[in-house]
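Participant: The structure is given below, and queries will be raised subsequently.
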Amino acid sequence: AEHGDRFRGGALVTLDALVLLLWRRAWVLVIGAGLGVGVAFALTSTMTRVYTATATSFVSAVAAPGKGASYESAQFAVSRAKSYPPLVNSPEVLQSVISDLGLTRTVPDLVKSVSAVNPVDTLLVQVSAEAGTADEAARIANSAARHMSLRIQALETASGKRTSPVDVQVAVPATAPQ
């Protein structure tokens, strides 16, 4: 066999024959690519735009006096921060967001568009909100982060005590995404 020949299924096919075959069928490839691009454009242009904004809260623990207290307080805060993300979807938090912003949405509807995560081994809780406008997404994320902080403070304050062992503050407010 000559250099560049390939053996396929009992037939000897040259590279020149393969290129010629592809050239003759190029219109199929062009039409297929054009249809794919057209369908993708049509689908994306009819989809509703959704904007996502994220506010970041910082969790800190009130340090007790003594040697090594700062380290123990930081470890306590990290361990507690892991349990906070589900609180953002509590009815108390979401109803407060609805009242705060005067939204017409319901709590079950808002649950679908608000979420929170605690990046592994950090003192951060990131609250994200999705909405139809960039400004509304930022306002919802900031309100949810603020009301989640208040809910955490209430839950962490032991009965009969005046202060919580943790402090949760919005460290980086959400801004309207572009």
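Participant: Under 21 Å from Ala77 (Cα atoms), in contact (Cβ under 8 Å) with a residue 60 or more places away in the chain and not polar (S, T, N, Q): is that true of Leu155 in this structure?
Facilitator: So Leu155 fits the description; yes.
Participant: Looking only at strands (runs of 3 or more DSSP E) that fall completely inside region 105-172, which ones have 3 or more residues that are modelled with pLDDT under 95 and over 13 Å from Leu94 (Cα atoms)?
Facilitator: Qualifying strands (runs of 3 or more DSSP E): 166-172.
Participant: Of everything in region 107-156, what is under 16 Å from Phe58 (Cβ atoms) and acidic (Asp, Glu)? Give them in sequence order.
Facilitator: Asp121, Glu156
Participant: In addition: With the requirement that a residue be touching a Ser or Thr at 6+ places or on another chain (Cβ under 8 Å), of a type in the set (S, T, N, Q) and over 16 Å from Lys82 (Cβ atoms), what does region 119-148 give you?
Facilitator: Ser128, Ser143
Participant: Open to solvent by 60 Å² or more (accessible area, probe 1.4 Å) and either among the polar types (S, T, N, Q) or farther than 18 Å from Thr52 by Cα (or both): is that true of Lys161 in this structure?
Facilitator: yes
Participant: Follow-up question, since we're still on this one. Could you tell me whether Val127 is of a type in the set (Val, Ile, Thr), crowded, with 21+ Cβ neighbours inside 10 Å and either touching a Pro at 6+ places or on another chain (Cβ under 7 Å) or in contact (Cβ under 8 Å) with a residue 60 or more places away in the chain (or both)?
Facilitator: So Val127 passes the test.
Participant: Within region 92-104, work out how many residues are open to solvent by 80 Å² or more (accessible area, probe 1.4 Å), in contact with a helix residue (DSSP H, G or I) (Cβ under 9 Å, 6 or more places away or on another chain) and at pLDDT 95 or above.
Facilitator: Of the residues in that region, 2 qualify.
Participant: Out of all the residues in region 47-62, is one or more open to solvent by 50 Å² or more (accessible area, probe 1.4 Å), assigned to a helix (DSSP H, G or I) and at pLDDT 80 or above?
Facilitator: So far as region 47-62 goes, no, none of its residues is open to solvent by 50 Å² or more (accessible area, probe 1.4 Å), assigned to a helix (DSSP H, G or I) and at pLDDT 80 or above.
Participant: Going by the structure shown, is Ala116 in contact (Cβ under 8 Å) with a residue 12 or more places away in the chain and in contact with a Ser or Thr (Cβ under 6 Å, 6 or more places away or on another chain)?
Facilitator: no
Participant: Among the residues of region 66-90 satisfying the criterion of being modelled with pLDDT of 95 or more and assigned to a helix (DSSP H, G or I), which is surrounded by the fewest Cβ atoms within 10 Å (Cβ to Cβ)?
Facilitator: Pro86
The values are calculated or read from the model by the stated rules, or taken from the named source; none is laboratory data. Given the structure is predicted, the values throughout are model-derived calculations rather than measurements. All Cβ positions, even for glycine, are placed from backbone atoms using ideal geometry, and neighbour counts span all protein chains on display. Just so you know, the surface numbers come from the protein's heavy atoms only, side chains and all, with ligands and any DNA or RNA stripped out. Shrake-Rupley method; radii C 1.70, N 1.55, O 1.52, S 1.80 Å.
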